[in-house]
Amino acid sequence: MVNSKDKKIISGLRGIIPSLHTPFLEDNSLDLNSLKKLIDHTILSGCSGMLVGAVAGETSSLSINEKKIVTEFCVSYNDNRIPLIVGCSADNQSDRIALSKSAKELGADWILCQAPINIKGKDLLNCFNEIAEVGPENLMIQDLSWSDNGMDDDDIILLFNNVEKFKGFKIEVLNSGPKYSRVLKATNHQLHLSGGWAIMGMIEALNRGVHAFIPSTMETLYNKIYKLFIDNKIDEARNLFAQILPILSFTHQHIDIAIKFSKMLRVKEGIFETSLCRSPIDNFDKFQIQEASLLIENIMHLQSNQFNN
C-alpha cells in the first residue's frame, strides 16, 4: 500500500494542457506535417503541457501502429519542451499495457488511461497496477462518462492509496463540480486534478482548486482566462469566458461535433491542411457549416485581440 502522505502533488502541469487532434490528409492518412505545426502552436501559445492520443485525437479510429507513430513523432518533436501526456486507453488490457510500455520506451512524461467500464474494486486495482508497472513514472487516470457520475469514489481512493504512479486524475462526468471537491478532500489535495469535457464549468472548477484543464482548441483564450484568474482578476476572467460560451454551446452538443468544429478552426488558423475526420464522425450539414463558420470568425477575432494585447 502507498502511504498517501508520501505522495507529493505534481508542481507543474498548471493551466492549459490541450488534447491534440490527429490531422489527416485527403487520402485519410496521417498528416505529420500538420501535427508538427500543432505542436509548435501549442508550445508557443504558452500551454503547460499537451495530451496526444486521447478521445479528441480520434484514437478509436487509429490502429495500434498509427498510435505508436503519432506518439513517437510527438515525443521526438516536442523534445521535452513541455510535459507530454500519452493516451493509452484501449478496449482491452493487452493493448493498454502495450501502449503504456511503448510510451515509456519513447520517453513520455505521463500516460493517460481511461478506467475500463464495469471493472471495479480489486479487479480495477490489478488492471492499473499492470499498466503502471510497465509505463512512465506518472499515471493519469481518466474518469469519463457521458451518461452518469463515473467512477465510484471508493475505487478512486483505492487506486490512489495502492498505485504508486497514480498522480493525476482527469474528471469528465456528469455533475463534475462536486466530484472535483470530493476527490481533492479525500486525497488531502495530493492528487493532481484536471478537467476536460467539463470545461463549461472552468471558473467554478478554478474556485474549487482544480489544477489544469484539457480542452482541445482556443489555447490563447483559455490561457488568458486562466492567467486572469490566477492574477485575481476574476471579473475579467469571467467576462472573457462569457464571450466563448456560444462556441461551447455549439461544440458541446456532441463530442463528434466538437472534433469536427475544432479541425475546421485549425484549418482557418493555418495549422491543418484539412478538417477531415474519420468515420464515424460525419461532415456538417449546411446549417452546421453556417453556424460553425460564424463562430470560428468570432474565435479568430477574440484570439487576435488577446495576441495584440
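The values are calculated or read from the model by the stated rules, or taken from the named source; none is laboratory data. The structure displayed is predicted, hence computed values, not measured ones. Every residue, glycine among them, receives a Cβ derived from its backbone with ideal geometry; neighbour counts consider all protein chains shown. For the accessible areas, the whole protein counts, side chains as well, though only heavy atoms, and no ligand, DNA or RNA atoms are used. Shrake-Rupley method; radii C 1.70, N 1.55, O 1.52, S 1.80 Å.
Here are some notes:
- Descending Cα extents along the principal axes, the range 129-171, whole Å: 31, 18, 15
- Rg and Dmax [Cα atoms of the range 134-215; Å; Rg one decimal, Dmax integer]: 11.9, 36
- In summary, the lysines within cross-link reach of LYS120, defined as a Cα separation below 20 angstrom excluding same-chain residues under 8 places away, comprise LYS165, LYS167, LYS170, LYS179.
- For ILE289, solvent-accessible area (1.4 Å; no DNA, RNA or ligand), Å²: 80 Å²
- Taking the range 151-187 and a reference point 7 angstrom along Cα→Cβ of HIS252, the backbone N atoms nearer than 12 Å belong to 173-177.
- Contour excess over end-to-end distance, with Cα ends at ASP27 and SER94 and 0.36 nm allotted per residue: 21.1 nm
- Take the Cα of ASN175, go 7 Å toward its beta carbon, and the backbone nitrogen atoms of the range 199-223 under 19 Å from that spot belong to 199-202, 204-205, 208.
- Where only alpha carbons of the chain are counted, the Rg and the Dmax (Å): 18.5, 56
- A simple charge model with +1 on the Cβ of Lys and Arg, -1 on the Cβ of Asp and Glu and nothing else charged puts the dipole of the chain at about 800 debye relative to its Cα centre.
- Quarter of Cα convex hull surface for the range 167-301, i.e. mean projection, nm²: 9.2 nm²
- Distance between the 7 Å Cα→Cβ label points at ASN149 and SER61: 3.5 nm.
- Treating each Cα of the range 262-308 as one equal point scatterer and applying the Debye formula with no solvent, the log10 of I(q)/I(0) at q = 0.13, 0.14, 0.17, 0.25 Å⁻¹ comes out as -0.34, -0.39, -0.55, -0.98.
- Over all other residues within a Cβ to Cβ distance under 10 Å of ILE214, the charged ones net out to 0, with Lys and Arg as +1 and Asp and Glu as -1.
- Radius 9 Å from Cβ of MET140, net charge of other residues (Lys, Arg +1; Asp, Glu -1): +2
- The value for the range 38-156 of Rg(Cα) / (2.2 N^0.38 Å) is 1.06.
- For the pair ARG81 and GLU105, the difference between a 0.36 nm per residue extended length and the Cα-Cα distance amounts to 6.8 nm.
- For the range 50-204, a simple Cβ point-charge model (Lys and Arg +1, Asp and Glu -1, everything else neutral) yields a dipole of about 240 debye relative to the Cα centre.
- Rounded to 0.05, the FRET efficiency of the GLN306 and LYS122 pair, given R0 = 45 Å and the Cβ-Cβ distance, is 0.40.
- Ranked by the mean number of other Cβ atoms within 10 Å per residue, highest first, peptides 23-29, 177-183, 34-40 order as 34-40, 177-183, 23-29.
- The relative contact order of the chain comes to 20 percent, based on Cα pairs under 8 Å that sit 6 or more residues apart.
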